[in-house]
Each structure stands twice: as structure tokens, then as C-alpha cells.
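Heads up: the structure comes next, in C-alpha cells.
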Amino acid sequence: MLKVYNSLINRIQETSFEKDEIKIYLCGPTVQSSPHIGHGRSAVVFDFFVRYLKHLKYKVIFVRNITDIDDKIIEKSKAEGISPKELSEKVIFDFHKAYSELNCLNPEFEPRATESIEQIISFIELLIEKGYAYISNSGVYFEVAKYSDYFALSGRKTDEVLSGTRIDVKEDKKKPEDFALWKFAKDGEPFWNTPWGKGRPGWHIECSAMIRDIFASGIDFHCGGNDLIFPHHENELAQSSSAYEDEVFVKYWMHNGMVNLSGQKMSKSEGNIKLLNQYIDDYGGELIRFFYLRSHYRKPQEFSEDLLIEAKTTLIRLQELLQEVDPVNSNEDTMRIFYDCMNDDLNTPKLLGEIFTTINKLGEKSKNDQKNIKQTIKFIFKLLGFELNFTLKIDQDKLIEFFKKYQIDFENLNLAMEKFIHLRETYRKDKNFKAADTMREDIYNLGINILDGETIEWYWRSS
Ligand SMILES: [Zn+2]
């Protein structure tokens, strides 16, 4: 039984579906600048989820939108001297490149705001008709006071939300908490015609309108970063529940945690943005994907290049161990572990831990069991979107030659490194530190770093 944490009720909940079909929507990017490591996380963790649902034989309809018109896009394109359209196309290209390098499945639908204007306009018209929205001099606004369940999702309070917010007089709203559904265009800004005036959609309305248009009903899962809970998702919920009062808009709200850089939340204002595609170029998409797997999707995840390198060592070991087997579902116990962890709110770090426990006990198993377990682990990784194609950074001949100097026959890197570290330890025990240091330096020049600690670790150097 699949259980997920539902942000609406703030606890883990058993899921149930009326049909074999699952409707899932993920808030995609606002394309004003290229993706950073946080964008990658949201895409990958929900890709694990979509792949898992598909493996469970559900017919999954997965939608991820693109916000390609918004204040920031207009501002940034002005600064760059290009049109908003040119800017958004450029950034969409970068996002698609990242999604593909990270091996994320294509969504069944990828609606864009600028291509959904008609649907957005009808949605707003319905809200005006039902008395939830009003027209002012600057745009069309949702009147929060008319909707009694506001804050149901975020659990916030009006005072808390409004403290510290400046009220922009130009917005001429009835109440400061009212939010824009449609913004009238200022000179030189892109616009679409509507019955109320020329302008562009607000951000929140777009997701409500797209969901209605594509699914023609409420949905099972609504996903996104936890920074979207308020106001974005609260507003989506208010709009959709007001427009379609008899329907449940979303059954399960799922939110991923943020990526922290050196303990700080990664946000544009702090200027610590590093581009996702840069890391993908340096380390490969599979490693970045693997990095996300190591953390529970709901928790904040620390990010640093050291952590990437650490992940790389683990991934290489996994690749080596599994290189000679095919991905086959041939060991029930290992599959059980997989289902238990995934059904437990997608607990991928637990899964990884259990897999390594299994790997460490492989020696106790029969040859046949060993093979079946390895095949099944590879099957699980394939299922989660990993190729595990073994690519050595250094060609085999060079490695054979290197280890020969130390009378080590090279079969695979794990085994060779084990023997290499053992030999170096013998020198250290004999207090022959010079020989131990030379070995360390020698292998460092090959591209591998050895860390002396309670247990001796080794990893590929990043350059
Ligand atoms: Zn959204």
C-alpha cells in the first residue's frame, strides 16, 4: 500500500484511487533564468515517483507546466535587450537539456502559459461570474474574503502573511491579501485581449486553468517545491475550489524540500546560484540524479561538490558491482525491500541503505543467490531511471599497468583498491610512512584520492 505525506493534512496517508488512471501535476519552472540544482531536485524526485507509479501498472497522466510569461521574464528580457519570447525559449531549451540529461521522463503534457490564455480567460470569467473575483484599475483580483477555506493548505493566518508586506497602492485591491488573476498591461508590455482589458495572466491562475483544461476534473497528486505551498498552491486551491465547488481539486499534495548550499537556502537573492547544467557537464546527469536519490525528497538536502564526489564514489562502486549482470527481477526479498521503502513515502535513502546492507552480506549467499540479488538491484536502479553504464575514467590498460607496479592483478577497481589500501596499511603498520605516502601520491596522480580515517575511503578526484 502506497503511503505519502499529504501537506494538506500534514501527515502520512494511505493512498487509494478510484481508477487505474492517476492524474498528477507538477508545477514546472518560471523560465526567466537557467535551472539551478534545486530545479533538478524537484524534477528528479517526482520522476522517481512517476516511474514507480508506472511500475505499479497505473496509467499515469503526468503534467508539468512552463510559466513563460511573468513579471520577472519581462524585466529580465528588457535588461538583456531581447523579447520575453526570445528569453523564455532560450531558458526552456536549458531546462529541457537538463531534464533529458537527468533522464526524467517526458510528461504526457507540458502546457505553456502563453499557449493556455484562452483557458485562463474562461477560468477567470467563471470566478467573476460566481462572485469570487473583481475588476479594478490594475487588473482582476481574487477576493480572498469570499472564500472561507483560505489557509487550509498552508495553515497560515492573515496577520502572519501580511506582516512585513508592503501594500502597493497602484494595485488598488480591496484587501491586501487579494491576489491577481489578470494584470493589465503597461506600455510596451506583452498583452492579450480580454473582455476586461489588455494584459497578461497572474501566475497562480495558470496552474488551475491548465489542470481544468487537461484533466477536466480534480487530480490525484499535485506536486511542487515546498516554497510553493504559500502563496502559490494556497491560491490555486482557493481558485479551483471556488470555481468548481462540488469537486475535490487535489487528493494528495506532495512537496519536495529545498536544496541548501553550505547550510543556506538556495535562493536567487543570496547570489549563491550555480547552474545545474554546469554540474551536469562536469559530473554527468546520472551522478546528479543519484545525488538526489540519497536524500528523502521531503527533507532539505545539503549540497556541495564534496558531497557530489562522495556520491560519485558510491555510484562507481555500484556500477562496478553490477556491471556483469543484466537487470532482472529475480530475487523476491530484494524486491520486497524496494516496495517497502517506496511505499513508505518514497524513502529512497532508506532504500539505498538497505541495498548496501544487502550488498555487504553478499558473501554469505550462494553463487546463484548473489547473481539474483545483483540482477534485482540493477533492475531496481533501472526502474528508478538509472542506466549504470560503467564508464571508467581511465582506460583499463592504464589501470592494469598501474597496479602491476604493486604486484596487484587488476580485475576490477574495487578489488584492486582493496588490495592497494591493504598494502599501504602494511607499510604504515611497519612505520614505513615514506612508502605509504609515495603510494598515496602515486594513486592521487592517477585521479584517486585516499582519505585516512577510522575507515579508509577512496574516491575519484573531480578533476
Ligand atoms: Zn503551479
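Is it fair to say GLU89 is free of Cβ contacts under 8 Å to residues at least 60 places away in the same chain, surrounded by 12 or more Cβ atoms within 10 Å (Cβ to Cβ) and under 30 Å from ARG51 (Cβ atoms)?
Details: free of Cβ contacts under 8 Å to residues at least 60 places away in the same chain: yes; surrounded by 12 or more Cβ atoms within 10 Å (Cβ to Cβ): yes; under 30 Å from ARG51 (Cβ atoms): yes.
Yes; evaluated as a whole, the condition is true for this residue.
Do we find a residue being surrounded by 14 or more Cβ atoms within 10 Å (Cβ to Cβ), at positive phi and either outside the structural domain of ARG51 (by TED's automatic domain parsing) or in contact with an Asp or Glu (Cβ under 8 Å, 6 or more places away or on another chain) (or both) anywhere in region 377-385?
The initial filter retains those residues of region 377-385 that are surrounded by 14 or more Cβ atoms within 10 Å (Cβ to Cβ), namely 377-385.
Imposing the further condition that a residue be at positive phi reduces the set to 385.
Now narrow it down to the ones that are either outside the structural domain of ARG51 (by TED's automatic domain parsing) or in contact with an Asp or Glu (Cβ under 8 Å, 6 or more places away or on another chain) (or both): 385.
Yes: region 377-385 contains one or more residues that are surrounded by 14 or more Cβ atoms within 10 Å (Cβ to Cβ), at positive phi and either outside the structural domain of ARG51 (by TED's automatic domain parsing) or in contact with an Asp or Glu (Cβ under 8 Å, 6 or more places away or on another chain) (or both).
Just to be sure, is GLU110 within 16 Å of the ligand (Cβ to nearest atom), charged (D, E, K, R) and surrounded by fewer than 22 Cβ atoms within 10 Å (Cβ to Cβ)?
Considered against the rule, which asks whether it is within 16 Å of the ligand (Cβ to nearest atom), charged (D, E, K, R) and surrounded by fewer than 22 Cβ atoms within 10 Å (Cβ to Cβ), GLU110 comes out as yes.
List, please: which pairs have Cβ atoms under 6 Å, are six or more places apart or on different chains, and start with a residue in region 395-413 that is surrounded by 10 or more Cβ atoms within 10 Å (Cβ to Cβ) and end with one that is assigned to a helix (DSSP H, G or I) and β-branched (Val, Ile, Thr)?
Note: pairs meeting the criteria are PHE410/ILE400.
Specify which of the listed residues (ALA98, ALA79) is touching a helix residue (DSSP H, G or I) at 6+ places or on another chain (Cβ under 8 Å), aliphatic (A, V, I, L, M) and either in the same structural domain as ALA180 (by TED's automatic domain parsing) or in contact (Cβ under 8 Å) with a residue 40 or more places away in the chain (or both). It would help to see each step written out before you state the result.
Numbers: ALA79 fails: touching a helix residue (DSSP H, G or I) at 6+ places or on another chain (Cβ under 8 Å).
Sole residue among the options that is touching a helix residue (DSSP H, G or I) at 6+ places or on another chain (Cβ under 8 Å), aliphatic (A, V, I, L, M) and either in the same structural domain as ALA180 (by TED's automatic domain parsing) or in contact (Cβ under 8 Å) with a residue 40 or more places away in the chain (or both): ALA98.
Step by step: first the residues of region 55-86, then only those that are surrounded by 21 or more Cβ atoms within 10 Å (Cβ to Cβ) and of a type in the set (D, E, K, R), then the one that is nearest to the ligand (Cβ to nearest atom). Which residue is that?
The residue in question is ARG64.
For region 318-369, enumerate the residues that are without any contact (Cβ under 8 Å) to a residue 12 or more places away in the chain, hydroxyl-bearing (Ser, Thr, Tyr) and not in a loop (DSSP other than H, G, I, E, B).
Hits for region 318-369 are TYR339, THR357.
Residues in region 136-152: is at least one within 16 Å of the ligand (Cβ to nearest atom) and either modelled with pLDDT of 95 or more or more than 25 Å from the chain's Cα centre (by Cα) (or both)?
So the first thing to find is which residues in region 136-152 are within 16 Å of the ligand (Cβ to nearest atom), and the list is 142.
Going one step further and asking which of them are either modelled with pLDDT of 95 or more or more than 25 Å from the chain's Cα centre (by Cα) (or both), we end up with 142.
Looking for residues that are within 16 Å of the ligand (Cβ to nearest atom) and either modelled with pLDDT of 95 or more or more than 25 Å from the chain's Cα centre (by Cα) (or both), one finds at least one in region 136-152, hence yes.
Being among the basic types (Lys, Arg), at pLDDT 95 or above and either outside any strand (DSSP E or B) or away from the ligand (no atom under 16 Å from the Cβ) (or both), is that true of even one residue in region 14-26?
So the first thing to find is which residues in region 14-26 are among the basic types (Lys, Arg), and the list is 19, 23.
Narrowing the set further to residues that are at pLDDT 95 or above leaves 23.
Add one more test, that the residue is either outside any strand (DSSP E or B) or away from the ligand (no atom under 16 Å from the Cβ) (or both), and what stays is none.
For region 14-26, residues among the basic types (Lys, Arg), at pLDDT 95 or above and either outside any strand (DSSP E or B) or away from the ligand (no atom under 16 Å from the Cβ) (or both): absent.
May I ask you to say which residue of VAL50, VAL63, VAL44 is in the same structural domain as HIS255 (by TED's automatic domain parsing) and in contact with a Cys (Cβ under 7 Å, 6 or more places away or on another chain)?
From the options VAL50, VAL63, VAL44, the qualifying one is VAL44.
If you go through region 27-41 one residue at a time, how many are in a loop (DSSP other than H, G, I, E, B), more than 16 Å from the ligand (Cβ to nearest atom) and buried (at least 21 other Cβ atoms within 10 Å of the Cβ)? Full working, then the answer.
Step one: filter region 27-41 for residues in a loop (DSSP other than H, G, I, E, B), giving 27-29, 31-35.
This time we only want the ones that are more than 16 Å from the ligand (Cβ to nearest atom), so: 33-35.
Within this subset, residues satisfying the condition of being buried (at least 21 other Cβ atoms within 10 Å of the Cβ) are 35.
Matching residues across region 27-41 total 1.
Looking only at region 200-259, how many residues end up being within 14 Å of the ligand (Cβ to nearest atom), in a strand (DSSP E or B) and β-branched (Val, Ile, Thr)?
The number of residues fulfilling the criteria is 2.
Please work out if VAL44 is out of contact with any Lys or Arg (no Cβ under 8 Å at 6 or more places or on another chain), at pLDDT 95 or above and surrounded by 19 or more Cβ atoms within 10 Å (Cβ to Cβ). Spell out the reasoning first.
Values: out of contact with any Lys or Arg (no Cβ under 8 Å at 6 or more places or on another chain): no; at pLDDT 95 or above: yes; surrounded by 19 or more Cβ atoms within 10 Å (Cβ to Cβ): yes.
No; evaluated as a whole, the condition is false for this residue.
Report every pair of residues separated by at least 6 positions or lying on different chains whose Cβ atoms are under 8 Å apart, first residue within region 7-29 and closer than 30 Å to ILE92 by Cα and in contact (Cβ under 8 Å) with a residue 40 or more places away in the chain, second in a loop (DSSP other than H, G, I, E, B) and away from the ligand (no atom under 16 Å from the Cβ).
As it stands, the answer is GLU21/TYR58; ILE22/TYR58; LYS23/SER217; PRO29/PRO35, since those pairs meet every condition given.
In region 99-137, how many are touching a strand residue (DSSP E or B) at 6+ places or on another chain (Cβ under 8 Å), part of a loop (DSSP other than H, G, I, E, B) and under 19 Å from LYS173 (Cβ atoms)?
2
The values are calculated or read from the model by the stated rules, or taken from the named source; none is laboratory data. Computed from a predicted structure; not experimentally measured. All Cβ positions, even for glycine, are placed from backbone atoms using ideal geometry, and neighbour counts span all protein chains on display.
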